[in-house]
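Notes follow once the structure below has been shown.
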Amino acid sequence: MLNIPTQSFPAPCSQQRVTPSGRNKVALKPGHSLMDWIRFAKSGKDLTGLRGRLIEVTQEELQKHNKRDDCWTCIRGMVYNVTPYMDYHPGGEDELMKAAGIDGTDLFDQVHRWVNYESMLKECLVGRMATKATTAIKAIIPPSPPTSLAPPTSVAPPPDKDARPRFDWFQTDGTVHLVIYAKRKIASSGCTVVDLKAGVLRLEVLLGKMSYMIHLSLADEVEEHVAVHTAFSVGKIQVSIRKQAKGKWTSLGQPLEFHNTFLRKKDRALYYRDCVLVSKTEVNHNTQVFRLQLPRGSVMHVPVGKHVYLKTLIQDTEVVRPYTPVDQNLAAASDHSSQESDLYLMIKVYPDGVFTPHFNSLHIGDSISVSGPEGTFSVRPLRDVTDLYLLAAGTGFTPMARLIQLALHNSDTIRKTKLLFFNRREEDILWRCELDELAANSERFQVEYVLSDPCESWTGLKGRVDESMLKDFLNRPEGSKCYVCVCGPTAFTELTIGLLKQQGFSEEELHAFQG
């Protein structure tokens with residue numbers, strides 16, 4: 001009998017960056033939506049052709065199944081018969097066939113990293129790859145937890161070990177304090193995620209592409225309340241916790257898995273915590289801002305440009321979606337010295353969708369699982385920028401909201417921020433009143449709206465993104481340094497990035513979000 005592993009989800013290397021070569025969605029046939037696939041997969045039909053048996057698959061056997069009507073692929077050592085899934089795949093048959101008869105892990109990770117393939121394809125599971133099985137299993141087993149608080153060897157140490165963050169701790173009769181020395185400046189948009197539950201402390205510090213983690217079972221009982229104070233310019237973070245009973249601890253606690261490790265962020269498995277829905281605020285006819293409250297022992301400020309994943313069960317299938325937080329409103333820039341770290345998510349509800357109708361049906365007080373911050377966006381390229389251009393379509397506006405705040409309130413160099421906002425109709429424009437008010441009150445901010453299906457009285461820009469529209473919108477004053485951010489549906493993003501490159505913008509001057 002095969003021992004089928006249970007892996008953390010999403011995959012450890014989850015991220016939300018799209019490049020011009022990113023995945024294209026195709027129009028699916030009627031009756032082939034995600035919900036249709038879930039129903040089909042649970043119909044009891046044999047989707048493997050093996051009548052419920054699990055087998056060990058050799059490399060030679062895998063290679064035989066490489067046709068449209070007989071397609072197997074391997075993801076992380078597990079083999080799936082994806083033939084029944086062909087017509088349901090959002091990327092189309094051609095994309096799926098690229099992994100036919102081979103190990104498709106790398107192809108999968110390029111565009112599907114956050115998709116729960118184990119849940120989606122569990123009825124298609126053929127078995128485990130027999131080739132190099134021992135090596136593959138060994139590779140996913142984490143190192144044994146250290147037996148003391150002495151810093152262990154990192155699983156993937158950076159070349160310069162002196163650049164590794166370190167931690168120390170001290171105490172009073174009533175409190176215990178951890179101090180993390182990042183050994184570098186810390187972005188003011190936040191970088192620390194703390195979860196304290198049942199005496200277990202998990203603390204992750206995001207430092208560019210790297211992640212430093214403290215993971216401990218604390219020596220004695222504590223109150224589930226955490227205070228985080230950050231000295232951004234010197235790279236020092238202090239986490240303070242109250243003891244339940246006064247007295248001196250002889251040690252900080254017992255190290256747990258991955259304690260005191262410094263890894264690439266994409267190699268760190270996602271960690272979810274249950275957040276409570278505390279309010280819904282209508283933005284327009286189909287979009288709301290959902291306010292989620294973190295657990296009592298959690299502190300998390302999502303850095304500008306980063307996103308989180310929401311995870312829930314729908315018809316016994318895990319469904320995960322990425323969303324970029326906004327602030328409570330456009331005028332209220334985030335106060336990162338505050339311990340209040342509720343999440344505000346601006347989400348369009350699609351009546352025929354899978355995730356958003358379910359999420360919108362939650363009642364105040366219901367919970368949903370939320371990951372820590374993810375994504376490749378960095379504020380570092382903005383340090384010397386003088387002109388910031390934002391091109392957004394629909395809910396692609398969400399990462400732009402906090403970028404606008406950053407440019408207006410936390411940048412000494414950005415002289416002008418311009419938003420070109422594409423929507424279908426006038427009533428679809430998100431936070432229009434706030435944007436107009438901000439533009440009226442700030443000489444450093446401008447906004448223009450473009451509608452593809454305007455009413456007769458509309459006097460603004462009309463149509464879709466094209467070369468002439470971008471030429472009119474973008475300009476490069478002499479001596480300026482420009483940066484352009486793009487977010488919207490995949491087709492919009494790819495077309496816009498292509499047009500920007502035609503106009504001479506380099507890769508270093510562009511960032512594309514995928515929402």
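The values are calculated or read from the model by the stated rules, or taken from the named source; none is laboratory data. Note that the structure is a prediction, hence the values are computed from the model and not measured. Every residue, glycine as well, gets a Cβ built from its backbone with ideal geometry; the counts of neighbours run over all protein chains shown. When the accessible area is computed, the model is the full protein with side chains, heavy atoms only, and any ligands, DNA or RNA have been set aside. Shrake-Rupley method; radii C 1.70, N 1.55, O 1.52, S 1.80 Å.
Would you confirm, using the coordinates I've provided, whether Leu403 is among the aliphatic types (A, V, I, L, M), within 30 Å of Pro90 (Cβ to Cβ), without any contact (Cβ under 8 Å) to a residue 60 or more places away in the chain and assigned to a helix (DSSP H, G or I)?
Working: among the aliphatic types (A, V, I, L, M): yes; within 30 Å of Pro90 (Cβ to Cβ): yes; without any contact (Cβ under 8 Å) to a residue 60 or more places away in the chain: no; assigned to a helix (DSSP H, G or I): yes.
Here the answer is no, as Leu403 does not meet what is asked.
Residue check: is Val320 touching a residue at least 60 places away in the same chain (Cβ under 8 Å), part of a strand (DSSP E or B) and of a type in the set (Val, Ile, Thr)?
For Val320, the condition - touching a residue at least 60 places away in the same chain (Cβ under 8 Å), part of a strand (DSSP E or B) and of a type in the set (Val, Ile, Thr) - is met.
I need a count of the residues in the stretch 459-484 that are part of a loop (DSSP other than H, G, I, E, B) and open to solvent by 80 Å² or more (accessible area, probe 1.4 Å).
5
Which condition number does Val193 fail, the rest of (1) of a type in the set (A, V, I, L, M); (2) farther than 30 Å from Gly49 by Cα; (3) at pLDDT 50 or above; (4) surrounded by fewer than 18 Cβ atoms within 10 Å (Cβ to Cβ) being met?
Answer for Val193: the failing condition is (4).
On the given criteria, is Leu263 open to solvent by less than 20 Å² (accessible area, probe 1.4 Å), part of a strand (DSSP E or B) and at pLDDT 95 or above?
So Leu263 fails the test.
Which one of the conditions (1) modelled with pLDDT under 75; (2) part of a helix (DSSP H, G or I); (3) open to solvent by 30 Å² or more (accessible area, probe 1.4 Å); (4) more than 30 Å from Leu216 (Cβ to Cβ) does Thr131 fail to meet, given that it meets all the rest?
The one condition Thr131 does not meet is (2).
Out of the residues in the stretch 426-458 that are among the charged types (D, E, K, R) and more than 29 Å from the chain's Cα centre (by Cα), which is surrounded by the fewest Cβ atoms within 10 Å (Cβ to Cβ)?
The extreme case among them is Glu456.
When you check Thr73 against the structure, is it touching a Gly at 6+ places or on another chain (Cβ under 9 Å) and modelled with pLDDT of 90 or more, yes or no?
Yes.
I'd like the full set of residues that are closer than 22 Å to Asn360 by Cβ and either surrounded by fewer than 19 Cβ atoms within 10 Å (Cβ to Cβ) or of a type in the set (Phe, Trp, Tyr) (or both), limited to the stretch 288-301.
Across the stretch 288-301, the qualifying residues are Phe290, Arg291, Gln293.
Would you be able to say whether some residue in the stretch 451-465 is without any contact (Cβ under 8 Å) to a residue 12 or more places away in the chain and of a type in the set (Gly, Ala, Ser)? Can you show your working first?
Taking the stretch 451-465 as the starting set, the residues that turn out to be without any contact (Cβ under 8 Å) to a residue 12 or more places away in the chain are 456-457, 459.
Right, trim to of a type in the set (Gly, Ala, Ser) and you get 457.
Checking the stretch 451-465: at least one residue is without any contact (Cβ under 8 Å) to a residue 12 or more places away in the chain and of a type in the set (Gly, Ala, Ser).
Taking the options Leu313, Leu362, name whichever one is under 27 Å from Met35 (Cβ atoms), among the aliphatic types (A, V, I, L, M) and open to solvent by 50 Å² or more (accessible area, probe 1.4 Å).
It is Leu313.
Could you tell me whether the stretch 376-388 includes any residue that is closer than 20 Å to Gln514 by Cβ, modelled with pLDDT under 90 and touching a strand residue (DSSP E or B) at 6+ places or on another chain (Cβ under 7 Å)?
yes
Which of the residues that make up the stretch 62-115 are more than 21 Å from Lys266 (Cβ to Cβ), open to solvent by 20 Å² or more (accessible area, probe 1.4 Å) and among the polar types (S, T, N, Q)?
The answer is Gln63, Asn66, Thr83.
Would you check if there is a residue in the stretch 211-233 being of a type in the set (Asp, Glu), in a strand (DSSP E or B), under 20 Å from Ser341 (Cα atoms) and open to solvent by 20 Å² or more (accessible area, probe 1.4 Å)?
yes
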